[in-house]
Each structure stands twice: as C-alpha cells, then as structure tokens.
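Step one of this worksheet: look at the structure below.
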Amino acid sequence: MIDHRRLGRKLELFVSDPLAGSGLPIWLPAGAAARHAVEEYVRDLERRAGYRHVYSPPLGKRELFELSGHLGYFADDMFPPMRLGADDEFVLRPALCPHHALVFRARGRSYRELPLRIAELGGMYRAERSGVLGGLTRVRAISLNDAHNFCALDQVGDEVREILRLIREAHAALGVRPAGFRLSLRGPGEKYVGDDAQWARAEELLRAALDGVDYTEGPGEAAFYGPKIDIQIVDAAGRESTISTIQLDFDKPERLDLSYVDSDGARRRPVMVHRSLVGSMERLFAYLIEVHAGAFPAWYAPVQLVVLPVDDGQLGPAVELVRRAEAAGLRAEVDSAGSLGARIRNAAGRKIPYVGVIGPREAAEGSLSLRLRDGRSLAPMSVADALGLVGAVVAARSADLLPAD
Ligand SMILES: [Zn+2]
C-alpha cells in the first residue's frame, strides 16, 4: 500500500525528527519547493477572486480566545497558555478566525465593502496526543489555507457558489478527487446560536448553492454556530477526512462585536463564512503524495527537469541548459555523476517529470532528447523547443506531460 510517510522519506519531502517533537514535521527542500508552488497557486487563485491576504501572528493574548469562545469550547485541543507576567498570558491559536475578525474590526465597515474576503495561509496549533500522530496526516503545527468572508445573509448563496467553483478549480489543478460533498444541518433538540429564521434562510441558500452537485445531508451534524458544507477525501488506507470546508457562523460576529453600516444607515451584523479551499498544507500533501504516488503534476514537482550529459564532454552545455531553464522559472538541475543508466533510474525513482539527455551530437547541434516520466521519449529537439514544451505544461498546470496543442 502507498504510504505518504514512506514516500515522503524516500523522495526527501519531509522528515519527522523525535528531537523536534512528534507531529512537528520539517519540510525538506524538495517538499518545500512543491508546497511553495501550491501556495503560490492558491494565493493567486484567491487574489483573482477578490480575496485580500493578511498576515497575523500564530499566538495571541488569552483574552482574545476567551472572547472568541475557543478557550471555552476547544481548550482540550489547545496547548496550555504561556505566562509572561501576572496579567500577560498568551496562547498558540487553534484557529485564525479571531485575528481575521480583528481585521474586519480594524475600522468601520460599510455594506459597500461586503463581501469582504480576508485570506491567509497561516499557522495554528493543536495539542494532539502523541499516539494519534503520523507523518503529515495528524500534526500539532498546522498551516491552513484559510479565509473568512464577511457578508450579508442574502449574499451567502452567491458567495458559497463562488467558493465551490474555486474549490473545484483547485482540486482539478492539484489532482484532488473528492469522495463526496456533505451538507451539515441542524438537528432537533440541540443548542444552536442564531434564530430560526436565520438558520432556515442559511440552509435554503446552501441547498441552492449546491444545486447540480451530488451531495448528502447530515441533519444534526452542523456546528452549534452554523450549517456547513464539507468536501471529503479518502486516503490510501481508506480513512475519510475533510479537505475543503465552507462554514457559516452566526456566533463569532456576535461575540467579537462585528458590525457594518447598512444602506439604510442601520448597524447590522455580518455573517462570517469560514472557508478553506484545500485544507491544511500538511493534510493536503499527505493526500497528494499518496494519490500521485509521489509523481506530482509537473507544475508542482520539486524538480521539473533533470539534465544528464552522456559524459563530461557535454557538462558545459548541460549546465548552460539548466541555467536557461531556471531563468525561465523552471526548477532544474544537472546530474553528471555515475553511469547514464543509473542516472536515468535515479531520475525515475525521484519521479522527475522530464529528463533531458545531451550526447555529443546533441551538444554539437544545441539540442537534447527529452524522456518523460511516463516512459515516452521524444525525438531530439532544440533547447528552446524543449524549454517551451516544459514551460507550456507547467503554465497550463496540466496533468499530462505533453502540451494539449
Ligand atoms: Zn475560521
């Protein structure tokens, strides 16, 4: 069975060192290169969809998390507070919402600014017990692709539809294959915040946004603060988890006293929509490593092109080709140590999508022979054509290693 922990070690993507602590993996250069490409892509996707990115610290004063309700509801999952002085206690945050609420509160807000979409790929912490930790699936330090969309209740339908579109786009680019969509609703006899009319309208808007989507309903599975849509994945071991989520929240705007001035001059509370397109970087990569068996699409492969001179006579052109590839924005390297066969096997073992071989004839002609990870070999082509081909596949975020043309 494919296990992301074993592949992560073999491909040198991340390491878990007992000295650093369990559930606190360290991303090695190859894993970091892949993650960086994915983070850039997600930020860009969000920016184009009207999101504004912020930075906020992964710890904050105890009072902030008392106010937000996290210390009341999630204290068991949080690390114990850190005391700096008599009245100075800090906690590692278990969520980004309180900080994003403070972004909303940073000045007065008008209905004209809504929906206000505040995004961050930020750190948060969970005091998971050692026994449940493993690789990237369950960790104590989490880097979450997060956003909070502050909107009027009547804007929720369009907002959720647009978030679902972004989720589908991100899944397609990354190669995520969702196992199911779930709409979690109120159940009887439970404690929920917000009034009945608000809940009824929110549920109606979520159902409408899911029109045309195959989903299941989970009565009684909503959070106490609002209904939500979860998108599930199943890992190689058959375990189901949530990768993307859209949660309506009637509670935090109240607790954190968020308001905007409506068109009639009245102060109104916004609805807070917590949403994650691809979840945490840790859980996402645990899944991507397994679903692709380590062979990522070229656009986020740690090394996209390895250049192999047949012997040292072609080392100069090989180094020059890598320099040009890097200047074109690609991740490339030369491998000149050992027999050609061993180097080709090594590139295959590292799941590098493109192998460029330069022999004496190619060196003389300024060309190279491209071999693709899936076994296909292309006729010798000019360096410019080869870089154009790889660049086109990367730019299109294509799953195939040849341009669609
Ligand atoms: Zn949140």
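Details
- All told, Gly238 meets the bar of being modelled with pLDDT under 95, over 30 Å from Asp196 (Cβ atoms) and in a loop (DSSP other than H, G, I, E, B).
- Criterion violated by Glu282 - all others in (1) within 16 Å of the ligand (Cβ to nearest atom); (2) among the acidic types (Asp, Glu); (3) at pLDDT 95 or above satisfied: (1)
- Here the condition is being within 16 Å of the ligand (Cβ to nearest atom) and at pLDDT 95 or above; of Val273, Val193, it holds for Val273 alone.
- Pick from segment 85-100, criterion closer than 22 Å to Ala141 by Cα and not in a loop (DSSP other than H, G, I, E, B), ranking: farthest from the ligand (Cβ to nearest atom): Glu89
- Contact map, segment 121-146: residues that are over 28 Å from His53 (Cβ atoms) and assigned by the TED database to the domain that holds Tyr55 paired with residues that are part of a strand (DSSP E or B) and away from the ligand (no atom under 14 Å from the Cβ), Cβ distance under 7 Å, separation 6+ or inter-chain. Pairs shown: Val132/Arg138.
- Failed item, numbered, when Ala328 is tested on (1) open to solvent by less than 60 Å² (accessible area, probe 1.4 Å); (2) in contact (Cβ under 8 Å) with a residue 60 or more places away in the chain: (1)
- Exactly one residue out of Leu308, Leu248 is open to solvent by less than 10 Å² (accessible area, probe 1.4 Å) and either assigned to a helix (DSSP H, G or I) or away from the ligand (no atom under 16 Å from the Cβ) (or both): that is Leu308.
- Those residues of segment 137-157 which are farther than 16 Å from Phe104 by Cβ, within 12 Å of the ligand (Cβ to nearest atom) and open to solvent by less than 10 Å² (accessible area, probe 1.4 Å), in sequence order: Asn145
- Screening Phe74 on (1) closer than 30 Å to Phe296 by Cα; (2) open to solvent by 50 Å² or more (accessible area, probe 1.4 Å) shows it passes everything except condition (1).
- Taken together, Ala30, Ala37 contain a single residue that is open to solvent by less than 30 Å² (accessible area, probe 1.4 Å), in contact with a Leu (Cβ under 6 Å, 6 or more places away or on another chain) and farther than 21 Å from Ala127 by Cβ, which is Ala30.
- Condition met for Asp257 (touching a strand residue (DSSP E or B) at 6+ places or on another chain (Cβ under 7 Å) and assigned by the TED database to the domain that holds Asp195): no
- If you go through segment 45-81 and keep only what is assigned to a strand (DSSP E or B) and in contact (Cβ under 8 Å) with a residue 60 or more places away in the chain, you end up with Arg52, His53.
The values are calculated or read from the model by the stated rules, or taken from the named source; none is laboratory data. The model shown is predicted, which means the values in this text are computed figures rather than measured ones. We place every Cβ from the backbone using ideal geometry, glycine too, and count neighbours over all the protein chains shown. Just the protein is used for accessible areas: all its heavy atoms, side chains included, with ligands, DNA and RNA removed. Shrake-Rupley method; radii C 1.70, N 1.55, O 1.52, S 1.80 Å.
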